[in-house]
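> My questions all concern the structure below.
The values are calculated or read from the model by the stated rules, or taken from the named source; none is laboratory data. Because the structure is a prediction, the values reported are computed rather than measured. Positions of Cβ are generated from backbone atoms using ideal geometry, with glycine treated the same way; all protein chains shown enter the neighbour counts. The area values use the complete protein model at the heavy-atom level, side chains included, leaving out ligands, DNA and RNA. Shrake-Rupley method; radii C 1.70, N 1.55, O 1.52, S 1.80 Å.
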There are 4 protein chains.
Amino acid sequence: MSATTTATLLLCCPDRKGLVAAMAQLLHDHGANILEAQQHLDPEQGIFSQRIQFDLAELDIPRDQLEALLGIECGRYQMRWRISYSDRPKRVAIFVSKFEHCLYDLLIRHRLGELRGEIALVVSNHPDLAGVASQFGVAYHVFEIDKQTKAAQEQRELELLRREKIDLVVLARYMQVLSERFISEFPERIINIHHSTLPAFSGARPYHQAWERGVKRIGATAHYATSELDEGPIIEQDVVAVSHRDTIGDLVRKGRDVERVVLARAVLAHLEDRILALGRRTVVF
Amino acid sequence: MSATTTATLLLCCPDRKGLVAAMAQLLHDHGANILEAQQHLDPEQGIFSQRIQFDLAELDIPRDQLEALLGIECGRYQMRWRISYSDRPKRVAIFVSKFEHCLYDLLIRHRLGELRGEIALVVSNHPDLAGVASQFGVAYHVFEIDKQTKAAQEQRELELLRREKIDLVVLARYMQVLSERFISEFPERIINIHHSTLPAFSGARPYHQAWERGVKRIGATAHYATSELDEGPIIEQDVVAVSHRDTIGDLVRKGRDVERVVLARAVLAHLEDRILALGRRTVVF
Amino acid sequence: MSATTTATLLLCCPDRKGLVAAMAQLLHDHGANILEAQQHLDPEQGIFSQRIQFDLAELDIPRDQLEALLGIECGRYQMRWRISYSDRPKRVAIFVSKFEHCLYDLLIRHRLGELRGEIALVVSNHPDLAGVASQFGVAYHVFEIDKQTKAAQEQRELELLRREKIDLVVLARYMQVLSERFISEFPERIINIHHSTLPAFSGARPYHQAWERGVKRIGATAHYATSELDEGPIIEQDVVAVSHRDTIGDLVRKGRDVERVVLARAVLAHLEDRILALGRRTVVF
Amino acid sequence: MSATTTATLLLCCPDRKGLVAAMAQLLHDHGANILEAQQHLDPEQGIFSQRIQFDLAELDIPRDQLEALLGIECGRYQMRWRISYSDRPKRVAIFVSKFEHCLYDLLIRHRLGELRGEIALVVSNHPDLAGVASQFGVAYHVFEIDKQTKAAQEQRELELLRREKIDLVVLARYMQVLSERFISEFPERIINIHHSTLPAFSGARPYHQAWERGVKRIGATAHYATSELDEGPIIEQDVVAVSHRDTIGDLVRKGRDVERVVLARAVLAHLEDRILALGRRTVVF
C-alpha cells in the first residue's frame, strides 16, 4: 500500500502485567507509529505473544539503537523476539525434486508481486526442473544425493545457503529427508508441504493411503520442519472434497491445488513475520 | 416433489458387459419409468454399482413379482442388491449418551420434513436427555450399562429394535462401544459420528488431541460402524478452520457444528438409499 | 476459561500517533491487565479501531471512574467507544415469523452455553412458534401486524424491549420490514439474517431467484439492519455448493444449514463485542 | 486409467418413458460397453439429460454408422445430442489481455497432463503475455482492438480459429467484450471467467465493488459466454473468506486463487463433455 519503510516485531514470553503498555511506550517514545498490532495470550500455557508492525518514517534513533533498547526491554521480560524491516526482503531457497506444481506456483506468485521476499535460488537432487527455474531466470543448483553422498552434499548445500544469505528454505515437494544437523541450522526457517492433513497419512504415498481408507476429504499441511518427520509445528492446512468417482490419479490432481495454496499461504505468512512457533503449536497472526 | 410412489434399487457386482441395458430393459418391460440413475465403475476393483430410482405408477406387476424377477436377473450377474419403496419410510433409532446437539439436530430436521424416515425412538445409557426426546414426542428408553450388565442390556436393546422394526441405528455421540454381536445384526445399518476427520485422532478425546497437535482444521466423520472401532467405511466428512485463538472449548463448540451437519448428511443419504459400502470404501450416489 | 470478571473496550477514531500507547498506559496505570487486544488501521479511510479485553481483578478504581477517565481520554482523540462487562451479559430478543430453524438453533446454543448473553424473550407476528419458545422456557410475545396496526404494534414492541432492557434484537427470519423509527432506536444492535450472499438476490424469495439463475453456490448473510433493506453493514457470510440435482426445495434445505451457522456466528461476535461498523463495512475482531 | 479409446455421448430431450433402456440397448447391441453413465431429470422443466461414456474396443460397426444410428434414435425422441472420442482431443484457444495468472494456470495444467485437450494457441489484444506463451511453446497471436478495428479484427480471429479447428475458446481474463456474431459461432463453446460470484458484482471492477460493500466472501464464476454480458449459464463458482484486514489488493490476490481454480474446473468439465446448458442453467455431470 504505502511506500514508507516499516518494521515488524514478533515477540513471546511468559505472561505478565504491563507488557502491552511497555512495548507500546518504548516505540512511541522514539517516534515509531504502530500500524497494526495483535496480541495473543495462550490460556493453557500462559504464554503471551505479540506482533507489532510500525512505521519507521519518524523514528528518531538509528535501527541498531532501537534494537539495543528492545534487547534490554525484552530481557526484563524474558522475551524471545525478532525484528525485520520491509526494505530488507527475506531471501528464499526452494528445494524440489521432480514435481513442478509447487515450484511453478511460488515462481508465478513472486512474479505477480504476491511474496514479500526474493526467490534467490532453487536446489534439487534431480536436474529435471532446471527448465522451470530458467523460465523465470532463477539459478538452479543440482546436488545429487544417495546414501554415500548425503552428508557431504548437505554440507555443500549449507555452504551455498550461507553464501547466498538465505533466510528461508521452502521444501516444495522435496523428496529427501533432511538431516537433523541441516534442520538445526534453520530453526523455524524451513517450511515443508506434506500432501495430507497431518497427522492423517504421514509418511509415504498419502494419496494412496487416503484412497485405500476411502476418505471424503483430502488435504495438505504446511509445517516447519523439525528433526521428527511430519511432526513439526503446523502453519496451515486445507482440504478438498473427494468422492467415490475420484481415482488415485484424481486425488493427486485435486491435491495439487490444495498443496500449492496451503504452501503459498504459509510462505506468505512467514515472509510477513506473522508466525511464532510455541512448541508443537503455531500462532499465525 | 412428486406425490407418486417410487422405488429405489441399489446394486453392485463384478463388472460385465450389458449390465446397464439388462436392468433398464427389465424395468422398462414392466412399465417402470426411470426417474434418476447413476452408475459407477470402480476401476481399481472392477466393481460395478448402480442406483436406479423409478416410478411405480404404471408398474404392471405386483412388487413381489418384480422382486422375484430382479432376484433372478441379479443372480445371473452375482449382484448384491436391495430395493426400497417411498411409501415404506425407514424406521430410525437414535442412540445417545449425554451430548444433545446431534440428537436435537436430527429431531428438528425430522420435524422440518428433511428426513425421509421416521424417528421411532431414542435409546440411551443415561436418563439425561429424556427431556429432549419428550420435547419432540419421541419415546426415550434408558438402558444403563456397566461391565456386568452390558451383554444383557444389549440383548434387551436388540429386542426393542426388532420389536420396533428398526431399519437404521444412528449413534449420535453414543459413548459406548457396541459389541460385535450387536453390530453384526445391523450390517451397513449403524451410522456413527466421530468427532475428527478419521483416520486422524481416532479413539478418545479427539479435540484435545487436535489442540495438542496444533492443527488448523478440525472436523467430523460419519461412518458405518464395524467391529473395528473407528475403522468402518466412511460416508461423509467435513472440516472447519481453527486458529491459535481457539481454546479446546472453542474446538468443541466449532466441532459441534460440523458433527451435526456431517451426521445429518450421512443419515439423509442412507434414508434415500444412496450409499453402497464396498469394503472400506463407500459409493455415495 | 477463567472465572475472573473481564471488561471489553471497543473504540475507533481517525488514526493518530500514540493511540495504542495511550490506551495501554491508561489501563496499566489502574491495574487492568490486558488479556487480548487487536488493532486495525483501515488504510483507505484512515480509521483506527481497537478491541481490548482486560481483567478487572486488580483494577484499583471503580468502574464508573474508569469510564470517566476513558471518556476524557477518548474525547482527546475523537474516539467513538463503548465498554461492556462479562458480569453483565447482554439481553437478547429474537424476532421470528413462521420458520423455526434459526430460532431453534439460537435456543439450543444458549442451552449449550455457547452464547455469552441471555435470551430474554421471543417476539413474533404469528402464534405458530409459541411451542418452540415454551420448549425452552422462553417468553413468547405475539404482535400481529398489518398495514393498519403496524405503527402501533411496533410502538408496543419497543415498549416491551425497553421494559426488558434488551441490548440486541435478532431477526431470525422475521418476515416484516421494521420501520426506520424502530431501527433508529437500536443502531448497530439489530442483526438480520438474509438467505443469500448479499448483494446477490436481495429482496424476496432468494432461493427461487438463485435456482432460476442456475448458481452453483448459495449462501446467507448476517448484517446489521439499517433503514435501507438488505443494505446494512455485513457481519458474516458463508456459502454451500449446490448442483443441477438440487431442486428449489433442496436449496431451501441446504440454505437452512448456512443461515443458522452464519446467524449464530454474527450473534456470538456481537455478544463478545467483536464488531465495529464503519459505514457499510464492519471490523470483526 | 485405461489405454482404450472411449466415446462420450451427451444428450437431452423432453422426458419420456424408456429413454434409458433405448440408449443402453442401442449401445449394447453394437458391442459398446458402458463405463459410466449419469441421468438427470429436471423436475421443473421436465427435461431428461444423460451422459454416457463407453468403450469402443469391441464396437462392431464403424463410428459413422454408430452416429447414423444415434441420429435416427435421437430423432425419435427429439434429442439434442453430441458425441466425442478420446482419441480426438479438443483444441483450445485461450484469449488473454494483460493478466497472466489464469493463462499460466492452464498452461501448467496442460503440461501436467490434467487437461484432456490441446492448447493450440493464445490470442491477445496486447503483446504483453507473449513471453508466457513462449515459455510453454504455444503460439501467441496479437490482434490489437479499438472501436474502429474491432469488427475486422474479430473477423481475422474467427478465421484463425477456423483454420486451427478450435473447439473451445477460453476467455482467461480477456478484457474485451466479444460481439454477438463472434459468440454465435461458438455456442456453448466459449467459457469466460468473471471475478465475482455472479450475479453479485457483474460488470467492471468487481473487487472494488466488493470491498466497498464490505462483503465477507469473494469469489469467481465460470460461465458460457452469451450475447448478454455476465448472464450466460453458470458452470462453476467458488468463494474465499475475506475480512476487514484485507485491502483491495488482498482481494485481488486472494481472488486470483479462486479464479484460476474455478476456470480450470469448468474447462476440465467441458473437455470431458460433462456439461449441458439448459437455458440459463447447466447440468454438470
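> Name every residue in region A:203-226 that is more than 21 Å from A:I275 (Cα to Cα), more than 10 Å from chain B (Cβ to nearest Cβ), in a loop (DSSP other than H, G, I, E, B) and not hydrophobic (A, V, I, L, M, F, W, C), in order of residue number.
A:G203, A:R205
> Let me ask something else about it. Any chance you could count how many residues in region A:85-106 are surrounded by fewer than 19 Cβ atoms within 10 Å (Cβ to Cβ) and part of a loop (DSSP other than H, G, I, E, B)?
6
> Given (1) of a type outside the set (A, V, I, L, M, F, W, C); (2) open to solvent by less than 30 Å² (accessible area, probe 1.4 Å); (3) closer than 30 Å to C:F48 by Cα; (4) free of Cβ contacts under 8 Å to residues at least 40 places away in the same chain, where does D:D230 come up short, assuming only one miss?
(3)
> Just to check your reading of the model, which residue among B:I193, B:I183 is part of a strand (DSSP E or B) and more than 8 Å from chain A (Cβ to nearest Cβ)?
Just a single option satisfies the conditions, and that option is B:I193.
> Anything in region A:232-243 that is within 7 Å of chain B (Cβ to nearest Cβ) and within 12 Å of the chain's Cα centre (by Cα)? List them, or say none.
Scanning region A:232-243 gives A:P233, A:I234, A:E236.
> If C:A264 meets every condition in (1) open to solvent by 10 Å² or more (accessible area, probe 1.4 Å); (2) outside any strand (DSSP E or B); (3) facing another protein chain (nearest Cβ under 10 Å) apart from one, which number is that one?
Result: C:A264 fails condition (1) only.
> Separate question: Would you point out which residue out of C:D250, C:D246 is assigned to a loop (DSSP other than H, G, I, E, B), more than 10 Å from chain D (Cβ to nearest Cβ) and either among the polar types (S, T, N, Q) or more than 17 Å from D:V215 (Cβ to Cβ) (or both)? Outline the logic, then answer.
Working: C:D250 fails: assigned to a loop (DSSP other than H, G, I, E, B).
So the residue among C:D250, C:D246 that is assigned to a loop (DSSP other than H, G, I, E, B), more than 10 Å from chain D (Cβ to nearest Cβ) and either among the polar types (S, T, N, Q) or more than 17 Å from D:V215 (Cβ to Cβ) (or both) is C:D246.
Here's the yes/no breakdown for (1) modelled with pLDDT of 95 or more; (2) farther than 25 Å from D:H195 by Cα; (3) of a type outside the set (V, I, T); (4) touching a Pro at 6+ places or on another chain (Cβ under 7 Å):
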site: D:D64; (1), (2), (3), (4): yes, yes, yes, no
site: D:E67; (1), (2), (3), (4): yes, yes, yes, no
site: D:I83; (1), (2), (3), (4): yes, yes, no, no
site: D:S86; (1), (2), (3), (4): yes, yes, yes, no
site: D:V96; (1), (2), (3), (4): yes, no, no, no
site: D:L103; (1), (2), (3), (4): yes, no, yes, no
site: D:R109; (1), (2), (3), (4): yes, no, yes, no
site: D:G131; (1), (2), (3), (4): yes, no, yes, no
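> May I pose another question? Which of the residues belonging to region C:126-159 are surrounded by fewer than 17 Cβ atoms within 10 Å (Cβ to Cβ) and within 20 Å of the chain's Cα centre (by Cα)?
Result: C:L158, single match.
> Within region A:147-169, is there a residue that is modelled with pLDDT under 95 and either charged (D, E, K, R) or under 25 Å from A:R256 (Cβ atoms) (or both)?
yes
> Hey, can you tell me all the residues within region B:9-38 that are open to solvent by 10 Å² or more (accessible area, probe 1.4 Å), part of a strand (DSSP E or B) and under 22 Å from D:A22 (Cβ atoms)?
B:N33, B:I34, B:L35, B:E36, B:Q38
> Also, quick follow-up: Take region C:47-76 and flag every residue that is open to solvent by 60 Å² or more (accessible area, probe 1.4 Å) and assigned to a loop (DSSP other than H, G, I, E, B).
Within region C:47-76, C:A57, C:E58, C:D60, C:P62 meet the criteria.
> Here are some residues: B:L121, B:L59. Which one is assigned by TED's automatic domain parsing to the domain that holds B:P14 and over 17 Å from B:L268 (Cβ atoms)?
B:L59
> Please work out which one of (1) more than 11 Å from every other protein chain (Cβ to nearest Cβ); (2) modelled with pLDDT of 95 or more is the condition A:L229 fails and give its number.
So the condition that A:L229 fails would be (2).
> Among (1) closer than 25 Å to C:L106 by Cα; (2) buried (at least 20 other Cβ atoms within 10 Å of the Cβ), where does C:A200 come up short?
So the condition that C:A200 fails would be (1).
> Something else now. Here are some residues: D:T221, D:T247. Which one is under 14 Å from the mean Cα position of the chain (by Cα) and either free of Cβ contacts under 8 Å to residues at least 60 places away in the same chain or under 18 Å from D:A93 (Cα atoms) (or both)? Walk me through how you get there before you give the answer.
On the way: D:T247 fails: under 14 Å from the mean Cα position of the chain (by Cα).
Testing whether each residue is under 14 Å from the mean Cα position of the chain (by Cα) and either free of Cβ contacts under 8 Å to residues at least 60 places away in the same chain or under 18 Å from D:A93 (Cα atoms) (or both) leaves just D:T221.
> Here are the criteria: (1) modelled with pLDDT under 95; (2) in the same structural domain as C:Q39 (by TED's automatic domain parsing); (3) closer than 21 Å to C:I190 by Cβ. Tell me which single one C:E73 does not satisfy.
So the condition that C:E73 fails would be (3).
> Continuing with this model, one more query. For region D:116-129: of the residues being in a loop (DSSP other than H, G, I, E, B) and not hydrophobic (A, V, I, L, M, F, W, C), which is modelled with the lowest pLDDT?
Out of the qualifying residues, it is D:R116.
> Next question, about the same structure. Assess whether B:V242 counts as being in the same structural domain as B:H270 (by TED's automatic domain parsing), crowded, with 20+ Cβ neighbours inside 10 Å, in contact with a Leu (Cβ under 7 Å, 6 or more places away or on another chain) and more than 23 Å from B:V96 (Cα to Cα).
Criteria met by B:V242.
> Give the residues of region C:140-180 that are under 21 Å from C:E118 (Cβ atoms) and assigned to a helix (DSSP H, G or I), sorted by residue number.
Within region C:140-180, C:E157, C:L158, C:E159, C:L160, C:L161, C:R162, C:R163 meet the criteria.
> Further question: Is it fair to say A:R109 is in a helix (DSSP H, G or I), within 12 Å of another protein chain (Cβ to nearest Cβ) and either out of contact with any helix residue (DSSP H, G or I) (no Cβ under 9 Å at 6 or more places or on another chain) or of a type in the set (D, E, K, R) (or both)?
For A:R109, the condition - in a helix (DSSP H, G or I), within 12 Å of another protein chain (Cβ to nearest Cβ) and either out of contact with any helix residue (DSSP H, G or I) (no Cβ under 9 Å at 6 or more places or on another chain) or of a type in the set (D, E, K, R) (or both) - is met.
> For region C:210-227, which positions are open to solvent by 30 Å² or more (accessible area, probe 1.4 Å) and within 15 Å of C:V262 (Cβ to Cβ)? Break it down into steps so the answer makes sense when it comes.
Going through region C:210-227, the residues open to solvent by 30 Å² or more (accessible area, probe 1.4 Å) turn out to be C:212, C:217, C:226-227.
Passing the criteria: only C:R217.
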